[in-house]
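> I am attaching a structure below and will ask some questions about it afterwards.
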Amino acid sequence: MKYLCVYCGSSPGQDPAYAESATLLGQLLAEAGWGLVYGGGRVGLMGAVADAAMAHHANVLGIIPEFLHGLEVAHEGISELQVVPDMHERKARMAEKADAFLVLPGGFGTLEELYEILTWAQLQLHHKPVVLANINGYYEHLIRFMDQQVEAGFLKANNRSLIPHFDSVQAAFKHLQQHISTQHTGLDQEKI
């Protein structure tokens, strides 16, 4: 079974399209026979994608640090919930389990996860595809900023290409499905 790691907000956001996209993504990955690995929360977009995946009979693995589990934001209704000591362990386990990464709208935590997994790809610590779901233009400024990083000489064009973006979860997930079978997707634990 392939696992899609989804990085997204613990808030639903102001635009209903964000939660609708998270729900649709959960359905799409389930219908494709994929599992979901995510941060283990029951709230916001995290909860929406997990609930939809579960409703369509996908295997859902949530990985949550102890301090968040203690704040009662953990999703106890998923296939498997792993409680880990800290955020570093959470991210490492999610990355290890995932075959691909999809980024929905979110805040600081989502951006931090995105940039860490992109940095690992840039350093060739993994060769797993990463896509950005630019729902209703949410990531337009970030996309332009990454292009500016290339223009300013701080980001190589080939590394910029590590993060394609799509305006819908359907297009983003289809892209991952088309590329996952042709790529080596190992995560080099010795380097991380």
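> For Met146, Met46, Met87, which order do you get if you count the other beta carbons within 10 Å of each Cβ and list the fewest first? Intermediate values should be presented prior to the final figure.
Details: Met146 19, Met46 28, Met87 16.
So the residues, fewest neighbours to most, are Met87, Met146, Met46.
> Report, by chain and number, residues whose modeled amide H sits under 5 Å from the one on Val73, excluding near sequence neighbours (fewer than 5 apart, same chain).
For Val73, no residues qualify.
> Pulled fully out, how much extra length does the chain show between Ser161 and Met1, if you take 0.36 nm times their separation in residues and subtract their Cα-Cα distance?
On the way: separation 160, 0.36 × 160 = 57.60 nm, distance 2.67 nm.
Net length gain for the segment: 54.9 nm.
> Then there's this: So how much slack lies between Leu71 and Glu89, counting 0.36 nm per residue of separation and subtracting their Cα-Cα distance, in nm? Could you put the intermediate results ahead of the total?
Working: separation 18, 0.36 × 18 = 6.48 nm, distance 1.82 nm.
Taking 0.36 nm per residue and subtracting the Cα distance, the gain is 4.7 nm.
> Now for a different question. Which order results if Glu31, Glu96 are arranged by neighbouring Cβ count within 10 Å, fewest first?
On the way: Glu31 11, Glu96 16.
So the ranking, lowest neighbour count to highest, is Glu31, Glu96.
> Residue separation times 0.36 nm, minus the C-alpha to C-alpha distance between His179 and Arg144: what's the value? Spell out each step's value before the answer.
Numbers: separation 35, 0.36 × 35 = 12.60 nm, distance 2.45 nm.
Result for the pair: 10.1 nm of gain on full extension.
Readers should treat all values here as calculations from the given coordinates under stated rules, not as data from a laboratory. Since the structure is predicted, the reported quantities are computational estimates derived from the model, not experimental observations. So basically every Cβ, Gly included, is an ideal-geometry build from the backbone, and we count neighbours across all protein chains shown.
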